[in-house]
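Report on the following structure.
The values are calculated or read from the model by the stated rules, or taken from the named source; none is laboratory data. These figures come from a predicted structure and were not determined experimentally. Virtual Cβ from ideal backbone geometry, glycine too; neighbours counted across all protein chains shown.
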Amino acid sequence: MQADTIAEPDPSPLRRLLQGGLNIIAAVGTIWIFAIMLLIVADVVGRNFLAAPITGVAEIAARSVVAIVFLMLPAAVLNGSLVRADFLLRLVESGSERLPHALDFVFAVVGTLLFGAVAVAAWPDTASAWRTAEFFGVRGVWTLPTFPFRLIIVFGSAASALAFAVLGAESLGRLSTVKARPHE
């Protein structure tokens, strides 16, 4: 992929602090991926060579995938590393200097609203999981509480909404500084 040639202003100290915090949380997700890989390998070795599989590996891996996504998503949003179709921006860029920034702003607003809605919608189930000590697994054999996984979804969604809001504010700032061409 070709790098953009537009020079971005230095991020504010608050933006750098937020980015650093979200990058640390994403690093936790990366370490979690490594831990899940080790757990799966240990289960396969135990199952095939020792006739002793590790109980709950499939359930842990299934829940972990969702948790890892929500740990890594906010940093990806703020870093600008989400996958997106730049062909539309490149197409309108040739005709307008302001339109790409306006589209970035709309994308950020939609992202803010969408992930804010996910956080709000996920909160009641998270609170209920805490109050009722909800778990998954088989009672008496192996169980794991659902609360931490649900809380990661709420936190990751709220942090993603915040990251999109920051991007929206930055896009709006760039939109206001770009002068309109006479035909815009």
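The residues in the range 122-137 that are under 27 Å from ILE54 (Cβ atoms) and touching a residue at least 24 places away in the same chain (Cβ under 8 Å) can be counted, and the count is 2.
Among residues of the range 128-156 being at positive phi and either loosely packed, with under 13 Cβ neighbours inside 10 Å or in contact with a Cys (Cβ under 6 Å, 6 or more places away or on another chain) (or both), the one that is modelled with the highest pLDDT is ALA133.
So which residues in the range 64-114 are basic (Lys, Arg) and either in contact (Cβ under 8 Å) with a residue 40 or more places away in the chain or in contact with a helix residue (DSSP H, G or I) (Cβ under 7 Å, 6 or more places away or on another chain) (or both)?
Pass one, the range 64-114, residues basic (Lys, Arg): 84, 90, 98.
Selection gives ARG98 alone.
In this structure, does PHE87 turn out to be aromatic (Phe, Trp, Tyr), exposed (fewer than 14 other Cβ atoms within 10 Å of the Cβ) and either under 20 Å from VAL28 (Cα atoms) or at pLDDT below 85 (or both)? Before the answer, list the steps.
On the way: aromatic (Phe, Trp, Tyr): yes; exposed (fewer than 14 other Cβ atoms within 10 Å of the Cβ): yes; either under 20 Å from VAL28 (Cα atoms) or at pLDDT below 85 (or both): yes.
For PHE87, the condition - aromatic (Phe, Trp, Tyr), exposed (fewer than 14 other Cβ atoms within 10 Å of the Cβ) and either under 20 Å from VAL28 (Cα atoms) or at pLDDT below 85 (or both) - is met.
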